[in-house]
Amino acid sequence: MTSIRRWLLGWLIFGMAAASGVAGYGIFHTARHEASELFDYELRTVALSLPSNLTGIGNGEHHDPDLGDLADDRIVIQIWNGDGALIYHSSQEPVFARQPPGFSTVERGRHHWRTFAAEQKGRYVQVAQPVSVREDLAMQLALHTLWPLALLVPVTIVLVLLVVARGLGPIGGLSRALTTRSIDSLEPLRLDGTVPVEIRPLVDALNDLLQRLHTASQAQRTFIADAAHELRSPLAALKLQLQAASRDGSLKGEGQALERVEGRVNRIIHLVQQLLTLAREDAHLVTSMTPVSLRRIGEQVVGDFSLLAEAKEIDLGLECEGAQTADDAYTVLAEPHGMNVLLANLVNNAIRHTPRGGRVDVILRRMEGGGVGLAVVDSGSGIGEAELDRVFDRFYRGENAQGDGSGLGLAIVSRIAGRHQLDVLLRNNVGRPGLCVTVSGLKAQHDDVGAPVRP
């Protein structure tokens, strides 16, 4: 995967290093050349500044001329008179043959010497210096000129890292803004005025895409809600007409055939109701949390499904574990209608998948740390371990599913739990048949906070 950051850093640092290398090479060789010219100038200066009365051999009997710092550079001085006789040479230094006037390079043994010779009044002066000494000094001077460049390279690299990180910061901010959004948040991106003009077209394109997605999603939800609403009324009327015709004998047919027709109608009505509920839940993008009594919701749901449970001879009850008082309301922060639909779907599924004479328990319990949880436990056939992760998919029904369900009950539960940031766990009962559905993550709310508690 191509990275803009790595691409920028790689080419900038490589280009800067290459440019620094070329500049360092040029500076180094220029400094060496200029140092060599400086040493030639010093040789010429020494030759032209020698005293006119300097004669003899530098053996200590005569004072050598004061050459300052050049004495450490092994300067060799030779003077010939007008007749060509050597009248002076430096102490314990080799004697060179006379060289032509000007600068020359002489090889003596394994060493090279740089010489300067000049014709003066009544004498001939020649000054020499080892080339190795000149190169060592030139190398030192050249290296001294490179230390600012060596210091500049790491400073520039750090500066490049900071500039690139700062320049790509808006892209990181845009990524974080999109990552932290919920799956249902389709509002346009709201960025501050520091967004560079290069990124604004991307932001505008994303906002346009989000607007189109929002329009399409809203149209889909509206269609499902309208279709479910429009189907519910004629299906209910059809059921009533079937029941009336069955009672007055105007509908001819076998009893089992009528029961099958009525069962199909009931299943279609249930499917339409579930579709309408799912469409409403999808339309709720934001959950308004208020204090609500989970116990009252449990009592209401148990009461609503008591007739269905009695028809199947199922023992349906509500249990309260860890109650703080006898009339503990188990008050939590939640959206009342959503919690009612969640618990109703769990109880409805449990009853539908529990055989006649079974048992369904709705359990409210206080958790450690101040939380509140609920569980619905039945004595049905349970769910295969391989299907536990798939039962939350829409319209999915297990291989051993019983009853006339639509496959949307647990999908609605998952949708509501996601809006409340709750955890839903399905597990088969240990040592006995049945399924246990646990909902955890509800935040307890004390009744003495002054906020009204909704049922």
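The values are calculated or read from the model by the stated rules, or taken from the named source; none is laboratory data. Small disclaimer: the values here were computed from a predicted structure and weren't measured. Neighbour counts run over all protein chains shown; Cβ positions are idealised from the backbone, glycine included. Please note that ligands, DNA and RNA were not included when accessible areas were found on the heavy atoms of the full protein model with its side chains. Shrake-Rupley method; radii C 1.70, N 1.55, O 1.52, S 1.80 Å.
Could you check the stretch 6-28 and list, in sequence order, the residues that are in contact (Cβ under 8 Å) with a residue 40 or more places away in the chain and open to solvent by 60 Å² or more (accessible area, probe 1.4 Å)? If the condition is that a residue be in contact (Cβ under 8 Å) with a residue 40 or more places away in the chain and open to solvent by 60 Å² or more (accessible area, probe 1.4 Å), then LEU12, ILE27 are the ones that fit. Every condition in (1) without any contact (Cβ under 8 Å) to a residue 40 or more places away in the chain; (2) open to solvent by less than 20 Å² (accessible area, probe 1.4 Å); (3) of a type outside the set (Ser, Thr, Tyr) is met by VAL163 except one, and the failing one is (2). For the stretch 287-307, the tally of residues that are more than 13 Å from ASP328 (Cβ to Cβ) and of a type outside the set (A, V, I, L, M) stands at 9. Pairs are defined by a Cβ separation below 7 Å, a sequence spacing of at least 6 or placement on different chains, a first member in the stretch 81-99 that is modelled with pLDDT of 75 or more, and a second member that is of a type in the set (Ser, Thr, Tyr) and in a loop (DSSP other than H, G, I, E, B); the pairs so defined are ILE87/THR55; TYR88/THR55.
Any residue that is in contact with a strand residue (DSSP E or B) (Cβ under 7 Å, 6 or more places away or on another chain), open to solvent by 80 Å² or more (accessible area, probe 1.4 Å) and free of Cβ contacts under 8 Å to residues at least 60 places away in the same chain - is there at least one of those in the stretch 133-154? Within the stretch 133-154, none of the residues are in contact with a strand residue (DSSP E or B) (Cβ under 7 Å, 6 or more places away or on another chain), open to solvent by 80 Å² or more (accessible area, probe 1.4 Å) and free of Cβ contacts under 8 Å to residues at least 60 places away in the same chain. Residues of the stretch 340-397 that are more than 37 Å from the chain's Cα centre (by Cα), surrounded by fewer than 17 Cβ atoms within 10 Å (Cβ to Cβ) and in a strand (DSSP E or B): ARG359 alone.
The condition of being more than 11 Å from PHE116 (Cβ to Cβ) and either among the aliphatic types (A, V, I, L, M) or at pLDDT 80 or above (or both) holds for only one of ALA47, ALA31, that being ALA31.
Reported count of residues in the stretch 86-126, each being of a type outside the set (D, E, K, R) and farther than 26 Å from HIS29 by Cβ, is 22. Return yes or no: is VAL131 under 30 Å from ARG32 (Cβ atoms) and hydrophobic (A, V, I, L, M, F, W, C)? Yes: the conditions hold for VAL131. When each of ALA118, ALA97 is tested for being open to solvent by less than 60 Å² (accessible area, probe 1.4 Å) and out of contact with any Ser or Thr (no Cβ under 8 Å at 6 or more places or on another chain), the lone residue that passes is ALA118.
Being modelled with pLDDT of 80 or more, in a loop (DSSP other than H, G, I, E, B) and either in contact with a Lys or Arg (Cβ under 7 Å, 6 or more places away or on another chain) or aliphatic (A, V, I, L, M) (or both) is a condition met by no residue of the stretch 126-149.
Close Cβ contacts (under 8 Å, 6 or more residues apart or on different chains) running from residues in the stretch 342-363 that are under 9 Å from SER379 (Cα atoms) to residues that are assigned to a helix (DSSP H, G or I) comprise VAL360/ALA309; VAL360/VAL347; VAL360/ALA350; VAL360/ILE351. Regarding GLY303, is this residue surrounded by fewer than 21 Cβ atoms within 10 Å (Cβ to Cβ) and touching a residue at least 24 places away in the same chain (Cβ under 8 Å)? Considered against the rule, which asks whether it is surrounded by fewer than 21 Cβ atoms within 10 Å (Cβ to Cβ) and touching a residue at least 24 places away in the same chain (Cβ under 8 Å), GLY303 comes out as no.
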